[in-house]
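I have placed the structure first, in the form of structure tokens, so that the comments after it can refer back to it.
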Amino acid sequence: MSLRNGFWLRLTLAVTSFFFFIIVYTQYNTFNASFIELHGKLDHCKLKEDSLFAQVEVMYENKRRMETLMAELQNSTALQIADLKDKLSSKDEESQSLKISLLSCSKQRQEIGKVNCSDTSKLHESLAAEKRKNEELQQIIEKLQKELREIKESKAVSNEAIHSTTVSSIEPKNAHSA
């Protein structure tokens, strides 16, 4: 019986070894497939990492450029505003001096009218001259007021243009970054 037991023992050992080999082989294949899949995912993640790193670098470069552009725009805007304020103040001063001249001419006309009441022809001539002078001064004042309005409007248009330029330069860069 010991031969029979030996045979069955060997047969059991052979079958067990065969099944163990099949189990190990299938587990190895499963592990190998999982390893290949994970390796593929790792390569894909590395590509994504490189892509994202490049995008971040581009984004920071665009941010730096935008900050430089904004600083330049702020400086140029400040200079333009200062220049427009200087022009506006000089036009205001000129307008005030013309108003004062108009008032002095009116007073002179009144004084001349009182002094020369007896001489009506001289009075008419001086009044006509004063009237022309007043009309010229009035036209100059109106012209200066018109220029003041134009300067104020150009200042508003300039500020809008600067604002729209700033916004439009930021939006395309944001679109490229996205």
Exercise for the section: Assess whether residue 99 counts as being basic (Lys, Arg), touching a residue at least 60 places away in the same chain (Cβ under 8 Å), assigned to a helix (DSSP H, G or I) and more than 17 Å from residue 165 (Cα to Cα). Expected result: no
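Of all residues being of a type in the set (Ser, Thr, Tyr) and within 13 Å of residue 144 (Cβ to Cβ) in region 90-110, which is surrounded by the most Cβ atoms within 10 Å (Cβ to Cβ)? Just the residue, please.
The residue in question is 95.
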Practice task
Taking residue 177 as the residue in question, decide whether it is at pLDDT 80 or above and closer than 30 Å to residue 65 by Cα.
Solution key: no
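Does residue 9 meet the test of being without any contact (Cβ under 8 Å) to a residue 60 or more places away in the chain, surrounded by fewer than 11 Cβ atoms within 10 Å (Cβ to Cβ) and either part of a helix (DSSP H, G or I) or of a type in the set (D, E, K, R) (or both)?
Considered against the rule, which asks whether it is without any contact (Cβ under 8 Å) to a residue 60 or more places away in the chain, surrounded by fewer than 11 Cβ atoms within 10 Å (Cβ to Cβ) and either part of a helix (DSSP H, G or I) or of a type in the set (D, E, K, R) (or both), residue 9 comes out as no.
Given the residues 52, 69, which is the only one that is within 30 Å of residue 159 (Cβ to Cβ) and under 43 Å from the mean Cα position of the chain (by Cα)?
Values: 52 fails: within 30 Å of residue 159 (Cβ to Cβ).
On inspection, the qualifying residue turns out to be 69.
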Exercise for the section: Name the residue, out of 48, 87, 63, that is of a type in the set (D, E, K, R), touching a helix residue (DSSP H, G or I) at 6+ places or on another chain (Cβ under 7 Å) and assigned to a helix (DSSP H, G or I). Expected result: 87
Completion exercise
Expected output for region 62-75 (first residue farther than 12 Å from residue 165 by Cβ, partner loosely packed, with under 12 Cβ neighbours inside 10 Å and modelled with pLDDT under 95, Cβ below 8 Å, 6+ apart or cross-chain) is 62/176
Practice task
Output the residues belonging to region 133-163 that are surrounded by 15 or more Cβ atoms within 10 Å (Cβ to Cβ), within 17 Å of residue 76 (Cβ to Cβ) and charged (D, E, K, R).
Solution key: 155
Fill in the blank from the handout: Apart from one, (1) among the β-branched types (Val, Ile, Thr); (2) more than 24 Å from the chain's Cα centre (by Cα); (3) modelled with pLDDT of 90 or more all hold for residue 58; the odd one out is (2)
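For the subset of region 108-154 comprising residues that are of a type in the set (Val, Ile, Thr) and over 46 Å from the mean Cα position of the chain (by Cα), which member is modelled with the lowest pLDDT?
Restricting to residues being of a type in the set (Val, Ile, Thr) and over 46 Å from the mean Cα position of the chain (by Cα), the top hit is 115.
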Practice task
Would you mind finding the one in 54, 71, 78 that is among the small types (Gly, Ala, Ser) and closer than 30 Å to residue 143 by Cα?
Solution key: 78
Completion exercise
Exception for residue 78 within (1) of a type in the set (A, V, I, L, M); (2) surrounded by 14 or more Cβ atoms within 10 Å (Cβ to Cβ); (3) closer than 23 Å to residue 152 by Cα falls at (2)
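The values are calculated or read from the model by the stated rules, or taken from the named source; none is laboratory data. The structure displayed is predicted, hence computed values, not measured ones. Heads up, the Cβs are rebuilt from the backbone with ideal geometry, glycines too, and the neighbour counts pull from every protein chain shown.
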